[in-house]
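Step one of this worksheet: look at the structure below.
The values are calculated or read from the model by the stated rules, or taken from the named source; none is laboratory data. Not measured: the values here are computed from a predicted model. Note that each Cβ is placed from the backbone with ideal geometry, even for glycine, and that neighbours are counted across all protein chains shown.
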Amino acid sequence: MSKKMTMQEAITEAKRCLNCSRPLCRTGCPIENNIPEFVRALSEGNIGTAYETIAERSNLPAICGRVCAHEKQCEAHCILAKKNAAIPIGSLEMFIADFAHEYGLNPVPPSTGKRGKVAVIGSGPAGLTVAGDLAKMDFAVTIFEGQPEPGGVLLFGIPEFRLEKEVVRREINILRKLGVEIVTEKLIGPDMTVDDLFAQGYDAIFMGTGTALPRTLDIPGQELSGILTATYFLKVVVLADSGKLDKKEVLIHDDDDVVVIGAGNVAIDAARTAIRRTTGNVTVLYHKTVEDMTCLPSEYEAAFKEGVQFKFLKKPLGYLNKKQMRALTNTRAKASPADETELAGLLVQNIVKDQEGNFVETGGQEIIPCDSVILAVGQRPAARIVSTTKGIQVDDRGFVITKERPYGMTTRAGVFSSGDVVHGPKTVVLAMKESKKVAAGIAQYIDAKKLLAACEE
């Protein structure tokens with residue numbers, strides 16, 4: 001996890017760079033940020049040059065500096081990592097981006113829009129990346145966002161303690177300075193269709209709508225109150241903390257015992273958010289081992305230090321109401337109308353990892369008392385755009401099918417897509433990686449389209 005640095009600390013760390021002739025750190029960066037160049041510029045005190053270098057490849061450096069998986073990517077590839085002393089690339093990127101904001105550095109001129117007109121649906125990492133890259137290539141770009149405020153998962157899906165919301169807002173404002181127009185509270189599908197956008201003169205359309213629909217567990221008791229999805233929980237916390245929603249809507253009470261099911265970054269985010277809102281126990285439940293967790297090791301360690309408990313090799317079998325919990329635990333209590341409607345516990349199956357590495361059920365079961373369960377077991381795309389648009393095909397899981405040439409175009413000419421809606425939930429920087437390639441594909445498509453039109457005149 002990146003940490004904030006003083007100028008002296010940042011320059012001192014930058015000077016540790018060995019200036020490798022073959023910089024492996026850049027190889028480890030999904031968007032191929034020119035890490036050696038911006039680190040070298042920082043080491044010489046040329047922070048403006050360092051920011052210009054970063055801006056050539058990244059539209060969201062202050063965000064990437066904070067939430068990218070540096071420990072698995074650029075920093076893991078640093079030659080000094082062999083001595084457990086990798087250059088803290090994420091912290092340096094964050095310092096440079098924050099410095100640039102504080103002193104109003106803006107190395108990229110605004111777009112004239114002369115090259116073409118593109119509509120971007122969604123303002124998460126994919127949409128913001130495509131919009132920024134196309135604006136830098138002199139396209140006129142309009143983002144359409146269904147929420148009252150742009151940012152997508154960056155604003156509503158990543159907790160404040162990992163990514164400050166003001167940082168997201170300022171990165172988006174930089175895109176506005178590039179000439180990107182943003183229209184909020186406009187749902188493409190219900191409010192306006194893809195065909196409507198083409199009728200308004202857009203040369204191409206990009207879909208970066210993410211995976212809006214959370215998956216649930218098809219087990220007994222799923223109708224009980226007290227069962228939430230992680231994406232919903234994280235979103236309402238942001239809205240409640242910003243005063244846009246009553247805090248009662250968060251549905252986690254001060255003394256609740258909470259169980260989070262899942263082992264990815266979203267699960268850990270939900271657990272760390274929950275433990276900040278309750279004095280009760282917060283437990284992460286996972287059906288495999290700690291080594292099999294998909295979250296970043298640093299996030300797991302942070303959650304553990306904050307008091308989050310972990311139960312591994314446990315598979316949920318059913319949600320239990322208060323009546324069932326009393327029967328199973330031989331507890332006597334006065335009956336109430338909520339006995340059969342409110343969550344009171346979770347029945348789990350014990351799992352064992354055998355010598356072949358297979359996870360098998362032992363037959364033993366366990367009851368975990370809890371007041372709330374937060375599900376973080378995956379997400380799937382919403383179909384509101386696909387269902388209102390002819391010619392866009394999806395696979396058997398609902399993910400949009402795209403082409404290699406031009407990169408990222410769907411089965412409908414002129415409509416492109418990338419990010420979670422194509423590849424499933426990924427990290428911010430991996431969504432950016434694909435989206436940069438799609439932005440280039442859009443530019444190629446529009447240029448070719450205009451050339452053919454000119455030839456036919």
Q: Scan the stretch 8-48 for residues that are buried (at least 17 other Cβ atoms within 10 Å of the Cβ) and of a type in the set (Ser, Thr, Tyr) and jot them down.
A: 43
Q) If you go through the stretch 377-398 one residue at a time, how many are among the small types (Gly, Ala, Ser), under 26 Å from the mean Cα position of the chain (by Cα) and part of a loop (DSSP other than H, G, I, E, B)? A) 4
(Q) Go through the stretch 321-349 and report how many residues are exposed (fewer than 15 other Cβ atoms within 10 Å of the Cβ), of a type outside the set (A, V, I, L, M) and in contact (Cβ under 8 Å) with a residue 12 or more places away in the chain. (A) 4
**Q.** Residue under evaluation residue 401, criteria (1) over 24 Å from the mean Cα position of the chain (by Cα); (2) among the hydrophobic types (A, V, I, L, M, F, W, C); (3) surrounded by fewer than 16 Cβ atoms within 10 Å (Cβ to Cβ), criterion not met
**A.** (1)
Q: Taking the residues in the stretch 415-427 that are touching a residue at least 60 places away in the same chain (Cβ under 8 Å) and surrounded by fewer than 23 Cβ atoms within 10 Å (Cβ to Cβ) as candidates, determine which candidate is nearest to residue 73 (Cα to Cα).
A: 427
(Q) Just to verify a result, which residue in the stretch 428-439, among those that are at pLDDT 90 or above and either surrounded by fewer than 19 Cβ atoms within 10 Å (Cβ to Cβ) or not small (Gly, Ala, Ser) (or both), is farthest from residue 74 (Cα to Cα)? (A) 438
(Q) Between a residue in the stretch 205-231 that is at positive phi and any residue that is among the acidic types (Asp, Glu), which pairs come within a Cβ distance under 7 Å, given they are 6 or more apart or on different chains? (A) 210/420; 226/342; 226/371
Q) What pairs can you find where one residue is in the stretch 54-76 and within 13 Å of residue 164 (Cα to Cα), the other is β-branched (Val, Ile, Thr) and in a helix (DSSP H, G or I), and their Cβ atoms are less than 6 Å apart, with a gap of 6+ or different chains? A) 62/167; 64/429; 67/428
Q: Output the number of the condition that residue 245 fails; it satisfies all remaining conditions of (1) within 16 Å of residue 144 (Cα to Cα); (2) touching a helix residue (DSSP H, G or I) at 6+ places or on another chain (Cβ under 6 Å); (3) surrounded by fewer than 20 Cβ atoms within 10 Å (Cβ to Cβ).
A: (1)
(Q) Consider the stretch 24-42. How many of its residues are more than 22 Å from residue 434 (Cα to Cα) and either under 28 Å from the mean Cα position of the chain (by Cα) or free of Cβ contacts under 8 Å to residues at least 12 places away in the same chain (or both)? (A) 4
Q) For the subset of the stretch 126-135 comprising residues that are within 17 Å of the chain's Cα centre (by Cα) and more than 21 Å from residue 196 (Cα to Cα), which member is surrounded by the fewest Cβ atoms within 10 Å (Cβ to Cβ)? A) 129
(Q) Of everything in the stretch 185-207, what is within 24 Å of the chain's Cα centre (by Cα) and modelled with pLDDT of 95 or more? Give them in sequence order. (A) 205, 206
Q) Do we find that residue 241 is of a type outside the set (Ser, Thr, Tyr), outside the structural domain of residue 388 (by TED's automatic domain parsing) and within 30 Å of residue 99 (Cβ to Cβ) in this structure? A) yes
**Q.** Failed condition for residue 217, given (1) buried (at least 21 other Cβ atoms within 10 Å of the Cβ); (2) in a loop (DSSP other than H, G, I, E, B); (3) of a type outside the set (S, T, N, Q)
**A.** (1)
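Just give me the residues in the stretch 354-364 being under 36 Å from the mean Cα position of the chain (by Cα) and assigned to a strand (DSSP E or B), in sequence order. First the steps, then the outcome.
Within the stretch 354-364, the first condition is being under 36 Å from the mean Cα position of the chain (by Cα), and the residues that meet it are 354-362.
Passing the criteria: 359, 360, 361, 362.
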**Q.** Output for the stretch 94-125, where each listed residue is under 16 Å from residue 62 (Cα atoms) and surrounded by 24 or more Cβ atoms within 10 Å (Cβ to Cβ)
**A.** 94, 95, 96, 97, 124, 125
Q.
Between 442, 374, 367, which is part of a strand (DSSP E or B), buried (at least 20 other Cβ atoms within 10 Å of the Cβ) and at pLDDT 90 or above?
A. 374
Q) Going by the conditions given, is residue 160 within 30 Å of residue 4 (Cα to Cα), part of a loop (DSSP other than H, G, I, E, B), of a type in the set (D, E, K, R) and assigned by TED's automatic domain parsing to the domain that holds residue 426? A) yes
Q | Near pairs, Cβ below 7 angstrom, 6+ apart or cross-chain, from the stretch 161-183 (in contact (Cβ under 8 Å) with a residue 60 or more places away in the chain) to any residue that is polar (S, T, N, Q) and in a loop (DSSP other than H, G, I, E, B) | A | 175/59; 177/106; 178/111; 179/111
Q. Out of the stretch 244-269, which residues are over 21 Å from residue 342 (Cα atoms) and either modelled with pLDDT of 90 or more or not assigned by TED's automatic domain parsing to the domain that holds residue 343 (or both)?
A. 262, 263, 264, 265, 266, 267, 268, 269
